[in-house]
Each structure stands twice: as C-alpha cells, then as structure tokens.
C-alpha cells in the first residue's frame, strides 16, 4: 500500500475524471501499487470483492481509467508466476493535475499585482490584498511536506515478488495475526490450518508468501462458506498432518512413505475418538516399527 498513490487518487485527480464507480476502482488500484504508483495487479475478482461492483462494471471502469490517462499497463512480467489466468499489471500515471488548475489563478494574481490603482483607496485595497496573499503563501511554504515525512512501508506484493515461490515449509504454522483474523471471521484457525497444510502438501503448490496465502484462504473460506466455523462446544478434529499426530508418532523410519500416511491417519482417528495423545505416545514408544500398525488397530478396537 502506498499513501502517496492514495493521496494522489483522492486529492490530485479532478472529480470530473473519476465520476461514478471510477474513483473507488482507482483507489483500489492505488492501494495495491508501490510508492511510485506502479505494479498494481489485483485480479478483477478481487476488485469486485473490494468495491462491491460487478465484473462488467470493473471491466468498463478499467477501460475508462486507461482511456482518460489515469492508468497505463505496466510490466506484465510481474505476474508470470500466476500461470495462464494472470491479472493485468497497472501503473498509475501520478500526473499532477493541480498545476493545470492553478495556472489561471496565478495569472490573475500577477495581473492584480501589476495593475496601477486608479485612486488612493484602490491602491490601499490592492496593498492589503497583496499582503494577505503573501501571508498565505508564507503559511503554505511552512506547511510540512507529507510526502517527504511519510514513513516508507514496503508493500506485501513487492516483498512477495522479490522472492521465489517455494513449497510450504515443514515448520509452517498459523501466526497470531492469522488467529486474530480467524477470530474476527468466526473461523476455527487450527482446523483451517490443518486443511490448508494438507492441501498444499497434496497438490505440491508453491508460493512466495505462505502467510499471505493462508490469509486469503481464511477470507475466501468465509466468503464462500466452506470454512469451519468456530464452535467452543465442539471438540477439535485431528488430521494426519496435525502437530499432535506428529508428536504421537515421533521420528520413525517410514516417515514420508505411504505407510507413514496410513499410520498418521490411524492416529488421527484415535485422537478424534478421545484417546489422550500423551498416553498413546507412551504406549507406542517401545513398539517396533513393523508392528506399529497392528498396535494402532488394537488401540482403536479398545477405544
């Protein structure tokens, strides 16, 4: 996000150039641009979600903004990692429209200053006006420059683009930011994290920012209705990729194989039936690897 681009869209662009839905679309693009107004590539679907407009309105709005010279197509290589259906990269022109608007005013001021008063009363009035204008200019010159004093915050998109997509790390887990977002959305963060990790491992997906990808997972899950809602009375459901399952199995020789997957699924079933994970780990600690599956089946039958 760039405050400089947002201020340009809000204050420097004439209102007649952003009538109707154009202003909101332009602000959404500015929110995704860097400090120079470049590299904004939100998808049309995301623009629809941010603005509440239909896809057709977004398409017409982007066309009108480009035709008016407020945005131009940028470096499309920034979205090469998205594959076939990659969004268009837009650059904000950041053109200064204030100069064109204030030029006539400066001309009138110059004419007023160089016009000879017809009488002493007119001369006095002209001197007063000149003094007031000088005071106003002095006050404006003392006003701090917001652009120079603005603390620079690197956009998340730029950070992600600077890194190469990688598989999900083995030690990845939801952060406090993720848990706070899940609480606001009313979603069970732990269950969604397990589903997200399993999906990433199963599909072999790669990402430059897995934390951002999980934030999108939570938001889209809430919007589309497939996220697990938070229920304080409901008992947690474990999956083969849960940390508790890994804690029970510990480091074993078959890790990473189909046998390990089968054992992990069986442990998850036992935990979902209410078996205490620490007790299960103690019972399986001295069991040889070749009879581990049978031992798990016996534990399930006993439960």
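The values are calculated or read from the model by the stated rules, or taken from the named source; none is laboratory data. Just so we're clear, the structure is a prediction, and the values are computed from it rather than from any experiment. Here Cβ is always computed from backbone atoms with ideal geometry, including for glycine, and neighbour counts include all displayed protein chains.
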Practice task
Select from the stretch 51-94 the residues that are surrounded by 15 or more Cβ atoms within 10 Å (Cβ to Cβ) and closer than 12 Å to residue 21 by Cβ and list them in ascending order.
Solution key: 51, 53, 57, 58, 60, 61, 62, 64, 65
Exercise for the section: Select from the stretch 32-41 the residues that are surrounded by fewer than 21 Cβ atoms within 10 Å (Cβ to Cβ) and either without any contact (Cβ under 8 Å) to a residue 60 or more places away in the chain or within 15 Å of residue 96 (Cα to Cα) (or both) and list them in ascending order. Expected result: 36, 38
Practice task
Hey, could you check the stretch 1-31 for residues that are touching a residue at least 60 places away in the same chain (Cβ under 8 Å) and not in a helix (DSSP H, G or I) and say which is surrounded by the fewest Cβ atoms within 10 Å (Cβ to Cβ)?
Solution key: 14
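Return the residue satisfying two criteria in turn: it lies in the stretch 219-243 and is assigned to a helix (DSSP H, G or I) and either touching a helix residue (DSSP H, G or I) at 6+ places or on another chain (Cβ under 8 Å) or closer than 13 Å to residue 265 by Cα (or both), and of such residues it is modelled with the lowest pLDDT. Even if it seems obvious, please write down each step before you answer.
So the first thing to find is which residues in the stretch 219-243 are assigned to a helix (DSSP H, G or I), and the list is 219-224, 243.
Keeping just the survivors that are either touching a helix residue (DSSP H, G or I) at 6+ places or on another chain (Cβ under 8 Å) or closer than 13 Å to residue 265 by Cα (or both) gives 219, 221-223, 243.
On the way: 219: 91, 221: 88, 222: 86, 223: 84, 243: 78.
Among those residues, the one meeting the criterion is 243.
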